[in-house]
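The values are calculated or read from the model by the stated rules, or taken from the named source; none is laboratory data. Worth saying up front: this structure is predicted, and the values here are computed from it rather than measured. Here the Cβ is made from the backbone with ideal geometry for all residues, glycine too, and neighbour counts use every protein chain on show. The accessibility values were calculated without ligands, DNA or RNA, using every heavy atom of the protein model including side chains. Shrake-Rupley method; radii C 1.70, N 1.55, O 1.52, S 1.80 Å.
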Amino acid sequence: MNNARAAGAPPQRTIDIVNASLKRRYAKERRFRLLGLGAVVLGLLFVALLFADIVGKGYTAFQQTYIQLPVTFDASVIDPEGALDPETLRRANYAALIRKAQREVFPEVTARRDTRALGSMISVGASSHLRDMVLADPDLIGTTKEVWLLADDDIDMLVKGHIDRTLPESERRVKDQTLGWVERLESEGRIEKRFNTIFFTHGTSREPELAGIAGALMGSFYTLALTLLFSFPIGVGAALYLEEFAPKNRWTDLIEVNINNLAAVPSIVFGLLGLAVFIGIFGVPRSTPLIAALVLSLMTLPTIIIASRAALKSVPPSIREAALGVGASPLQTQLHHVLPLAMPGMLTGTIIGMAQALGETAPLLMIGMIAFIVDIPSGFTSPSTVLPVQIFLWADSPERAFVERTSAAIMVLLAFLILMNLTAVLLRRRFERRW
Amino acid sequence: MNPSTLLIVLLGLMAFAYHFGRKRAISAAGGVARLNTLHSLPAYYGLYAALWAGIPALLLMGLWVGFQNEILITIVKSELPPEILDGMSSGQIGLIVNDIKNLASGTIVSGVVTPEMQAAADRYTQLDQIARWAMWLAVLAVAVAGMGYAWAKTKPTMRARNRVETIFMVILVIFSSIAILTTLGIILSVLFESLLFFKSVSPLEFFFGTLWSPQTALRADQVGASGAFGAVPLFTGTLMVSAIAMLVAVPIGLMSAIYLSEYAPRRVRSYAKPTLEVLAGVPTVVYGFFAALTVAPVIRELGISLGLDVASESALAAGLVMGIMIIPFVSSLSEDVINAVPQAMRDGSYALGATQSETIRRVIIPAALPGIVGGILLAVSRAIGETMIVVMAAGLAANLTANPLDSVTTVTVQIVTLLTGDQEFDSPKTMAAFALGLTLFVVTLTLNVIALQIVRKYREQYE
Amino acid sequence: MSTTVDEMSRRTGAMSSAELSGERESRATVGDVTVANPRMVCRDVDVWYGAKQAIKGVSLDIGKNEVVSMIGPSGCGKSTFLRCLNRMNDTIDGCRVTGSIQLDGQDIYDKGLDPVPLRAQVGMVFQKPNPFPKSIYENVAYGARIHGLTNNKAELDELVSASLQKAGLWNEVKDRLDQPGTGLSGGQQQRLCIARTIAVSPEVILMDEPCSALDPIATAIIEELIDELRANYSIAIVTHSMQQAARVSQRTAYFHLGDLIEVGETNQIFTNPKHRLTEDYITGRFG
């Protein structure tokens, strides 16, 4: 009887208890739901914060400050013999021309220390710009021309507002004297911000205003091209074998487990492998797209294999049966019928793998990609660096101007990654087939 | 005369072989009209010839390029006057070999150039030239021989298709074995160097020592010269950063997975999910930059305003940003396992009058728990192995501390530091990096195996 | 009984083309849909899945202490109708219910009505046993825990054992209450789900083909159990098996393509069906 009272209690009682506690339960429900919403919002906030931070820091790098000076292409400095010998023209002291032009704009600056401060406003790269002008057009010699010259990075930062002009002098990188000159130049319209072509056409440099990502971009390009060349055929081939031909035995089980685990091995371990095996044993040259591609191929291979197998799996067996039924050999069946149908899925996986490879940094540090290389690489075995490593190197540089360049380089890198991922998404949408 | 030119020539030869193999088959059959007497399509005879021309030659070339350097160095070393190498450590010999190679290629040399070394360098250059020519000759000879063999074999009765397919299958098997070879390569390379390392430093000191200062002396009388390889501060540092990361990633990742899969309207979900996954596609170097230049200063300012002493490279900053990186990892894995919980479970709970959150907390999460735990283990393994964020935002000082506001260093940071910059192979410093690499590999591998096993078991349960 | 395949296909074919046009008014139900002491009263219930109408103007009462069985061919809407009775259809996207369904005089589709307490009053047992991945004890205690029906451990223990006894499972599991419910056999799992449902003391229990995944012995046990439960609860059961309907229910409703064709005493439906479609189904001409 006791039992009956507890379990078979009057129905009224249950519903009353339920109704009494409902308010509390719904409050809990709301809290939980809010917690979930909060987590999503927080996650989205992080995305926004990350991008806002990078773009906010980096967008100014796409412009560069130039200072206009009336440069007299003095024949006695450039070409004292008047022979127009290109070698002489190349070796002339163009920095002297800039100093002279500055003296003209600031005649009152005479003290040795002050003229040096004045000279440091112009980038060391400006003289090579003058040299190029003269080499391109020797008729300039003897004339005076208003020339826009590349400003030093400190001036650039000041003009862009990254250095606070209201700070006391002792805490400011640009001293009062220079600040005065800059303000005078600004009021005379001799300071201008222009699109930063150097950033896209130069290799790296110790001088922020002369540093560009062209070298790193080319390095990344060569590396990715080789990585694709290595990993795509191998990945597709391996997937084809494992999915379609391999007998189900211990060996293929081992390969399968192995591939899944390789996909989760920390990337830095692949760097160790590259260092010990490719460099240590096979003598592949360091700091080249070749060694980088070898390491990255091994790294992206699991991604490609897993994606390719999934693509093969989604091709219905009826296609295989149809091909086999008309007398095609198993390999012909695969190559003529299954592979073309699975190709979009495989390409999608490959693009995602390539995007991973493009953004990868850690293993490349071990195999010498962090060497300081100014020249733009010209091939698979010429010393080079890649974009993410360049970002790492710049991020480590103390100059304020490198912060904005690093962010800008990140923006370029992210743009490429977004492009690749969008391609993958579009490819998937375009060719997605439901059987 | 470089290998890539040879490669192109070889490819040309293969194309040539294909063309003539095909022609040969057609003529052997007695013309186009009698093609049906051939066992296979003519193209297969072409492929057969091309493969015979290409594969042996390519193999030879690969071996040659791989080992030429080693062999030349051995020859040059053996011809050096013995008194030069007398009493030198293997590291010093390595430096000399490097100098000789640099001399030969015309780059700057670290030491003084002695006549013996110049002679050795000249010898190296000479041998290198000979070897290159020899490679061209040998490779082309093998290619032509292969082609000739295929030519002789081409008869209408030859089962060309089957042979080509067999070769293809062998290639596929080799391709799929590369994954195994990679793992083997990783194990052997880290194991070999680690064993060398453990010869000079006892494993006991490495795994239980609390002092890490890998700078070995250049001169014996240097202050603080003796290198210490106690890796405990590295392990604790790694654990702390990973723990902070998981504290950020697990609640946010799990709750957003729950919200997105159970609560969010379809439209919200279709935008929020890919946006969150953007976090997974951002390169780690970008997170490192974000951590070092944005988050770390903010945390430092915040700490100072609260009167706390915060290191400029605090574990907190690195861990926080690493956590952000791992959010989408946790959330997509959790979403997968939550979606795998059968609808019948939900129905059963709703039918008893449970609210949605009660159903989620008391039925779905317990049901999905093994899968979620597996996912979290994978995330931990990823946090432990993450390199760039800690290299850029955590410090180098091996502090044994439990204070997240202090600077700590991690295993990956030390690997990178030890292996970048000026290094010589076989010094305890570099070998220590490999020992750390071995530890890292073993730990992450164990975590992965366990996690994948759990996830797999879980999937099977609901299939 | 000797209907040829041709005839069958002709008949069903003709029917479905009329059905598919979707313009037809709902068929009138043969037999009396009302009972003297109703617990649930459904009037003109329509159910739509998006643009597709799954239930057309169904009216039916479920009386106190009776078992109503719902039979009909696959896709006839009997399960859909059942899921309306405790608003389980709410969990399906795009499902819309119109008409009125009352529990003890209260419209359960009223805007202000909360499905949570409703489901505590109208429990449901599903086609496939779905014990939670928890211990047997926790499975039964689940409803009491979420609703806070008991005040202490002793009460909860008593409730669990009483519910298991009523479900006829107590003797089989009393020594292993802490083991997972998923480890039981199919029939035991289904009885566990019934115990789980009655632990909340509902007024109505809905059963959606509760024995379709079970073997005949387990089925017989459950059928016996249903008969015993009738003493305390109103039960609506959807079944594929006409024998089962005949064995356990007092009234039977025959559904056909979203219509309620005929309702009546179980005896009368199986011995003397009034509608031709009911007769065809009962005699096995199609279904």
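Taking only region A:237-279 into account, find how many residues are within 18 Å of A:THR350 (Cβ to Cβ), more than 8 Å from every other protein chain (Cβ to nearest Cβ) and under 27 Å from the mean Cα position of the chain (by Cα).
Of the residues in region A:237-279, 1 are within 18 Å of A:THR350 (Cβ to Cβ), more than 8 Å from every other protein chain (Cβ to nearest Cβ) and under 27 Å from the mean Cα position of the chain (by Cα).
Which of (1) assigned to a helix (DSSP H, G or I); (2) without any contact (Cβ under 8 Å) to a residue 24 or more places away in the chain does B:GLY353 not meet, given it meets every other one?
(1)
If I ask for residues that are part of a loop (DSSP other than H, G, I, E, B), touching a Phe, Trp or Tyr at 6+ places or on another chain (Cβ under 9 Å) and more than 18 Å from A:LEU347 (Cβ to Cβ), which ones from region A:284-315 would you list?
Step one: of region A:284-315, the residues part of a loop (DSSP other than H, G, I, E, B) are A:284-288, A:314-315.
With the extra rule that they be touching a Phe, Trp or Tyr at 6+ places or on another chain (Cβ under 9 Å), the set shrinks to A:284, A:288, A:314-315.
Correct list: A:VAL284, A:THR288.
Considering only region A:190-238, state which residues are open to solvent by less than 10 Å² (accessible area, probe 1.4 Å), without any contact (Cβ under 8 Å) to a residue 40 or more places away in the chain and closer than 16 Å to A:THR406 by Cβ.
The answer is A:GLY212, and nothing else.
Name, by its number, the condition in (1) surrounded by fewer than 24 Cβ atoms within 10 Å (Cβ to Cβ); (2) small (Gly, Ala, Ser); (3) under 30 Å from A:THR60 (Cα atoms) that does not hold for A:ALA424.
(3)
Consider C:VAL97 against the criteria (1) open to solvent by 10 Å² or more (accessible area, probe 1.4 Å); (2) of a type outside the set (S, T, N, Q); (3) part of a loop (DSSP other than H, G, I, E, B): it satisfies all of them except one. Which criterion is unmet?
Just one mismatch for C:VAL97, condition (3).
This table checks each residue for (1) open to solvent by 30 Å² or more (accessible area, probe 1.4 Å); (2) at pLDDT 90 or above.
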position	(1), (2)
A:ILE291	no, yes
A:PRO302	no, yes
A:ILE306	yes, yes
A:SER314	yes, no
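Cβ contacts < 8 Å: first residue more than 14 Å from B:HIS19 (Cβ to Cβ), restricted to region B:40-68; second residue among the basic types (Lys, Arg), any location; separation 6+ or different chain. Result?
Pairs that qualify, where the first residue is more than 14 Å from B:HIS19 (Cβ to Cβ) and the partner is among the basic types (Lys, Arg), are B:SER40/B:ARG159; B:SER40/B:ARG161; B:LEU41/B:ARG161.
Please count how many residues of region C:113-126 are more than 7 Å from chain B (Cβ to nearest Cβ) and open to solvent by 10 Å² or more (accessible area, probe 1.4 Å). First the steps, then the outcome.
Initially, region C:113-126 is screened for residues more than 7 Å from chain B (Cβ to nearest Cβ), giving C:113-115, C:118, C:121-122, C:125.
When the remaining residues are screened for being open to solvent by 10 Å² or more (accessible area, probe 1.4 Å), the result is C:113-115, C:121.
Number satisfying all stated conditions: 4.
Would a scan of region C:84-102 turn up a residue that is without any contact (Cβ under 8 Å) to a residue 24 or more places away in the chain and within 28 Å of C:SER69 (Cα to Cα)? Please lay out each step first, then the result.
If we filter region C:84-102 for residues that are without any contact (Cβ under 8 Å) to a residue 24 or more places away in the chain, which is where we start, we get C:91, C:93.
Applying the additional criterion that residues be within 28 Å of C:SER69 (Cα to Cα) yields C:91, C:93.
Yes, some residue in region C:84-102 is without any contact (Cβ under 8 Å) to a residue 24 or more places away in the chain and within 28 Å of C:SER69 (Cα to Cα).
I'm told B:ILE186 meets every condition in (1) β-branched (Val, Ile, Thr); (2) within 7 Å of chain A (Cβ to nearest Cβ); (3) more than 20 Å from A:GLY280 (Cα to Cα) except one. Can you identify the failing condition by its number?
(3)
Count, please, the residues in region B:253-263 that happen to be open to solvent by less than 20 Å² (accessible area, probe 1.4 Å) and of a type in the set (A, V, I, L, M, F, W, C).
3
For B:ILE360, are the conditions met, namely being closer than 30 Å to C:PRO180 by Cβ, more than 10 Å from every other protein chain (Cβ to nearest Cβ) and aliphatic (A, V, I, L, M)? Can you show your working first?
Details: closer than 30 Å to C:PRO180 by Cβ: yes; more than 10 Å from every other protein chain (Cβ to nearest Cβ): no; aliphatic (A, V, I, L, M): yes.
No; evaluated as a whole, the condition is false for this residue.
Select from region C:127-171 the residues that are more than 14 Å from chain A (Cβ to nearest Cβ) and assigned to a loop (DSSP other than H, G, I, E, B) and list them in ascending order.
Scanning region C:127-171 gives C:GLN127, C:LYS128, C:PRO129, C:ASN130, C:PRO131, C:PHE132, C:PRO133, C:LYS134.
Mind checking which residues of region C:189-239 are basic (Lys, Arg) and within 14 Å of chain A (Cβ to nearest Cβ)? Break it down into steps so the answer makes sense when it comes.
Step one: list which residues in region C:189-239 are basic (Lys, Arg), which gives C:191, C:196, C:230.
Across region C:189-239, the qualifying residues are C:ARG196, C:ARG230.
Mind telling me which of the residues A:ALA415, A:ALA371, A:ALA355 ends up being surrounded by 23 or more Cβ atoms within 10 Å (Cβ to Cβ) and either away from chain B (no Cβ under 12 Å) or among the small types (Gly, Ala, Ser) (or both)? Quick ask: steps written out before the conclusion?
Values: A:ALA415 fails: surrounded by 23 or more Cβ atoms within 10 Å (Cβ to Cβ); A:ALA371 fails: surrounded by 23 or more Cβ atoms within 10 Å (Cβ to Cβ).
Only one candidate qualifies: A:ALA355.
Of the residues B:MET117, B:MET135, only one is open to solvent by less than 30 Å² (accessible area, probe 1.4 Å), at pLDDT below 80 and either within 30 Å of A:THR300 (Cβ to Cβ) or part of a helix (DSSP H, G or I) (or both); which?
On the way: B:MET135 fails: at pLDDT below 80.
Selected residue: B:MET117, the only one of B:MET117, B:MET135 that is open to solvent by less than 30 Å² (accessible area, probe 1.4 Å), at pLDDT below 80 and either within 30 Å of A:THR300 (Cβ to Cβ) or part of a helix (DSSP H, G or I) (or both).
Which condition does B:TYR149 not pass, out of (1) in the same structural domain as B:ILE26 (by TED's automatic domain parsing); (2) buried (at least 18 other Cβ atoms within 10 Å of the Cβ); (3) within 30 Å of B:ALA28 (Cα to Cα), if it passes all the others?
So the condition that B:TYR149 fails would be (2).
Can you confirm whether region B:411-421 contains a residue that is assigned by TED's automatic domain parsing to the domain that holds B:PRO370, modelled with pLDDT under 85 and either of a type outside the set (A, V, I, L, M) or surrounded by 23 or more Cβ atoms within 10 Å (Cβ to Cβ) (or both)?
Let us first name the residues in region B:411-421 that are assigned by TED's automatic domain parsing to the domain that holds B:PRO370, namely B:411-421.
The next check asks that each one be modelled with pLDDT under 85; those that pass are B:420-421.
Filter once more, so that each one left must be either of a type outside the set (A, V, I, L, M) or surrounded by 23 or more Cβ atoms within 10 Å (Cβ to Cβ) (or both): B:420-421.
Yes, that holds for at least one residue.
Just the residues that are free of Cβ contacts under 8 Å to residues at least 24 places away in the same chain and either open to solvent by less than 20 Å² (accessible area, probe 1.4 Å) or part of a strand (DSSP E or B) (or both), please, taken from region C:48-83.
C:LYS52
Restricting attention to region B:293-335, and to residues there that are open to solvent by 20 Å² or more (accessible area, probe 1.4 Å) and among the acidic types (Asp, Glu), which single residue is nearest to B:GLU386 (Cα to Cα)?
B:GLU313
Quick check on region C:27-47: of everything there that is of a type in the set (Val, Ile, Thr) and part of a strand (DSSP E or B), which residue is modelled with the lowest pLDDT? Lay out the reasoning, then the answer.
Within region C:27-47, the first condition is being of a type in the set (Val, Ile, Thr), and the residues that meet it are C:29-30, C:33-35, C:41, C:45, C:47.
Of the ones still in play, those that are also part of a strand (DSSP E or B) are C:30, C:41, C:45, C:47.
Numbers: C:VAL30: 82, C:VAL41: 92, C:VAL45: 91, C:VAL47: 91.
Of everything passing the filter in region C:27-47, C:VAL30 is modelled with the lowest pLDDT.
How about region A:9-118: which helices (runs of 4 or more DSSP H) wholly inside it have at least 3 residues that are open to solvent by 60 Å² or more (accessible area, probe 1.4 Å) and on the phi < 0 side of the Ramachandran plot? So that I can check it myself, show each step before the final result.
Numbers: elements: A:11-58, A:75-78, A:86-91, A:94-105.
Where helices (runs of 4 or more DSSP H) fall fully within region A:9-118 and carry at least 3 residues being open to solvent by 60 Å² or more (accessible area, probe 1.4 Å) and on the phi < 0 side of the Ramachandran plot, they are A:11-58, A:86-91, A:94-105.
Per-residue answers, yes or no, for (1) under 30 Å from B:ARG346 (Cα atoms); (2) open to solvent by less than 10 Å² (accessible area, probe 1.4 Å):
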residue: B:ILE364; (1), (2): yes, yes
residue: B:VAL373; (1), (2): yes, no
residue: B:MET392; (1), (2): no, no
residue: B:THR409; (1), (2): no, yes
